[in-house]
Amino acid sequence: ASSGSGTYCPVEVNTVDGFQGREKDIIIFSTVRSEGSKTIGFLRDRRRMNVGLSRARASLMVVGNQTKLNTDSKWGKLVEICKEEEVVYDVTKPYTTYFKREFTAEALDKRQEKIKIEKEREERAKLKKLQEWEAIQEASIAQGENDDNDDEEDQQENEQDLEEAENANLELTTEMEVDNSHKEAEKPKKPEGRVTRSRTPRKTK
């Protein structure tokens, strides 16, 4: 881009609409609306918000007033996410001193190391929860197998009791049949054939 004096400027300055359909490696997105404004104005347009946040290929820096942006739900959510990722910088005066102090290589390395440690802590917490969940699942499966084994043992015992009852009933039936056969044998036998009775001859007068 060219400046007003006709000299070349390595930084291109343009509106959100001017960057529609274009990309740059590094984008500084200015959302400053603090002076005498009660709303965030054109920033409420979700299409402009989408364009402004998606033009950078490698690095995006959003400059704005947190208090003002938090009055909008979408921008407030973005500020919340950035705070969770620890990428929000509260700029203080004098600005030159602030940027020299906060954006040195050493300061950035410390911040990256802090973020790395925090992410590792979160990963360990997630892994611990996963292990606890797997332990609960294994315990539940083991309990289910024990219950199945108990049911199988109960079924075997019931089958055994039924078999014993059937055997006892069979023995009782056999004993009753033997007793009946003995009683039948002890009964006196009737003479076989026809029994004739002798008649006394009648006397004639």
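What the table below lists for this structure:
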| item | result |
| --- | --- |
| Condition check for Asn146: modelled with pLDDT under 75, within 56 Å of the chain's Cα centre (by Cα), farther than 30 Å from Val87 by Cβ and among the polar types (S, T, N, Q) | yes |
| Residue under evaluation Ala139, criteria (1) assigned to a helix (DSSP H, G or I); (2) aliphatic (A, V, I, L, M); (3) exposed (fewer than 10 other Cβ atoms within 10 Å of the Cβ), criterion not met | (3) |
| Check on Val62, of a type in the set (Val, Ile, Thr), surrounded by 10 or more Cβ atoms within 10 Å (Cβ to Cβ), free of Cβ contacts under 8 Å to residues at least 24 places away in the same chain and out of contact with any helix residue (DSSP H, G or I) (no Cβ under 7 Å at 6 or more places or on another chain) | no |
| Number of the condition not met by Trp75 [criteria: (1) without any contact (Cβ under 8 Å) to a residue 24 or more places away in the chain; (2) open to solvent by less than 50 Å² (accessible area, probe 1.4 Å); (3) closer than 28 Å to Gly41 by Cβ] | (1) |
| Odd one out for Ile115, checked against (1) open to solvent by 90 Å² or more (accessible area, probe 1.4 Å); (2) of a type in the set (A, V, I, L, M); (3) closer than 30 Å to Gln66 by Cβ | (1) |
| Members of segment 7-18 that are at pLDDT 85 or above and open to solvent by less than 70 Å² (accessible area, probe 1.4 Å) | Glu12, Val16, Gly18 |
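The values are calculated or read from the model by the stated rules, or taken from the named source; none is laboratory data. In this text, all values refer to a predicted model and were calculated from it rather than measured experimentally. Note: ideal-geometry Cβ built from the backbone for every residue, glycine included; neighbour counts use all protein chains shown. Ligands, DNA and RNA are excluded from the accessible area calculation, which covers all protein heavy atoms including side chains. Shrake-Rupley method; radii C 1.70, N 1.55, O 1.52, S 1.80 Å.
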